[in-house]
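For reference, the structure discussed in these notes is given below.
The values are calculated or read from the model by the stated rules, or taken from the named source; none is laboratory data. All figures in this text were calculated on a predicted structure; none of them were measured in a lab. Ideal geometry is used to build each Cβ from the backbone, glycine not excepted, and the neighbour counts take in all protein chains shown.
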Amino acid sequence: MRIVLIVAQSLDGFITCHEVPGVAWASAADQKWFRATLSEFDAQVMARATFETVRDQILPAKPTDPTRIIMTRTPDRYTEDSASGQLEFTADLPGAIHHKLVDAGHKNCALLGGSVAHDAFLTAGLVNEIWVTIEPRIFGQGTPVVRMKQDQRLELMDHQRLPESDSIVARYRVLP
Ligand SMILES: NC(=O)c1ccc[n+]([C@@H]2O[C@H](COP(=O)([O-])OP(=O)(O)OC[C@H]3O[C@@H](n4cnc5c(N)ncnc54)[C@H](OP(=O)(O)O)[C@@H]3O)[C@@H](O)[C@H]2O)c1
């Protein structure tokens, strides 16, 4: 199963604008590209704080939705929101999440943040590709793409300027 980390960041590497949760700051071009891109994926993984910012959009879970896995240390708090095979809350580590998705037959998983999820999967060596939208913004403060010390080498696959914008999508392969 391929795992692709998909993220929009400011030029200086932040995924939020200062302390404001969510991605309302991202360009319309990126939001359009992101929605279209997600249709390629049959599974999504995100951590709990990111889930909170999109819960109104994804609840209640529908049978046509991709499988969504939410990383939390306290999954029991979310039993009412859970829908087996569609929206699951887990304290599993990335390796176990990966195994379960593979066993369920998933082929393409989007890793949707935030920094806790990025760090956990990168540290576990489970990210195959990184697709980053570089937005023409500088924030100086905010949530960083990663918080932990990393030294990951990447290979550029391709890049594009999103239509009618100054936003760039660069797609990288994660090198072993
Ligand atoms: N620009 C973008 O593309 C983009 C992408 C994604 C997110 N974001 C933004 O980034 C922000 C969220 O990022 P974030 O880094 O603050 O949070 P996060 O990574 O989304 O979630 C952090 C939470 O993950 C849970 N967690 C699961 N396993 C954990 C572990 N082993 N250790 C610690 N925590 C664990 C904890 O919640 P529990 O307390 O429930 O355990 C923790 O509070 C949001 O504002 C979101 O909108 C932006």
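Candidates in the stretch 60-73 are the residues that are farther than 22 Å from Arg2 by Cβ and at pLDDT 95 or above; of these, the one that is surrounded by the fewest Cβ atoms within 10 Å (Cβ to Cβ) is Arg73.
Taken over the stretch 159-176, the criterion of being assigned to a loop (DSSP other than H, G, I, E, B) and among the hydroxyl-bearing types (Ser, Thr, Tyr) is satisfied by Ser165, Ser167.
If you go through the stretch 128-145 and keep only what is in a loop (DSSP other than H, G, I, E, B) and of a type in the set (Phe, Trp, Tyr), you end up with just Phe139. Only one entry of Glu80, Glu88, Glu129, Glu155 meets the criterion of being acidic (Asp, Glu) and touching a residue at least 40 places away in the same chain (Cβ under 8 Å), and that entry is Glu129. Find the residue count for the stretch 113-143, including only residues that are in contact with a helix residue (DSSP H, G or I) (Cβ under 6 Å, 6 or more places away or on another chain), near the ligand (Cβ under 9 Å from one of its atoms) and among the hydrophobic types (A, V, I, L, M, F, W, C). The number of residues fulfilling the criteria is 1. Quick one: is Gly22 crowded, with 16+ Cβ neighbours inside 10 Å, near the ligand (Cβ under 8 Å from one of its atoms) and at positive phi? Here the answer is no, as Gly22 does not meet what is asked.
Among the criteria (1) surrounded by 15 or more Cβ atoms within 10 Å (Cβ to Cβ); (2) within 14 Å of the ligand (Cβ to nearest atom); (3) of a type outside the set (S, T, N, Q); (4) modelled with pLDDT of 95 or more, the one Ala96 does not fulfil is (1).
Among the residues of the stretch 93-127, those identified as assigned to a loop (DSSP other than H, G, I, E, B) and within 24 Å of Pro144 (Cβ to Cβ) are Leu93, Leu112, Gly113, Gly114, Ala124, Gly125, Leu126, Val127. Filtering the stretch 42-74 to residues that are under 20 Å from Ser115 (Cβ atoms) and out of contact with any Leu (no Cβ under 8 Å at 6 or more places or on another chain) leaves Ala47, Arg48, Ala49, Phe51, Glu52, Thr53, Val54, Arg55, Met71, Thr72, Arg73, Thr74.
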